[in-house]
1. Looking at the structure I just gave you, is GLN38 exposed (fewer than 10 other Cβ atoms within 10 Å of the Cβ) and either modelled with pLDDT of 80 or more or aromatic (Phe, Trp, Tyr) (or both)?
2. Given the criteria among the polar types (S, T, N, Q) and under 15 Å from the mean Cα position of the chain (by Cα), does THR5 qualify?
3. Mind checking which residues of segment 43-65 are surrounded by 14 or more Cβ atoms within 10 Å (Cβ to Cβ), out of contact with any Leu (no Cβ under 8 Å at 6 or more places or on another chain) and at pLDDT below 90?
4. I'd like the residue in segment 1-32 that is surrounded by 10 or more Cβ atoms within 10 Å (Cβ to Cβ), within 28 Å of ALA68 (Cβ to Cβ) and polar (S, T, N, Q) and, out of all such residues, is modelled with the highest pLDDT.
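The values are calculated or read from the model by the stated rules, or taken from the named source; none is laboratory data. None of these values were measured; they are calculated from a predicted model. In this analysis, Cβ positions are derived from the backbone assuming ideal geometry, glycine residues included, and neighbour counts consider all displayed protein chains.
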Amino acid sequence: MRFSTGTLVVVGIILLGGATAGTALWGRYIAQPGPLEQPVTVVVENGMGPRRIASRLAETGVIAHPDAFVIAVRVMGMDST
């Protein structure tokens, strides 16, 4: 099946718009304050990977969604493992 150039341009614009909207929504999501009402101290040990850090933060109530934390760390290029 062949598509015209116009159709491909329209599909490309729609995909680009969707990616832009998704990125904007993700940025707003990760910039929101966490669920804590009071500050807590969490010790992050040297060598802990993003998943272990996320688990520790979730256990202490600092974050509500550890998987989102891990994804954000990887997307932002902060994952050294």
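1. The answer is yes for GLN38.
2. So THR5 fails the test.
3. Matches in segment 43-65: HIS65 only.
4. Ranking the qualifying residues of segment 1-32, first place goes to THR20.
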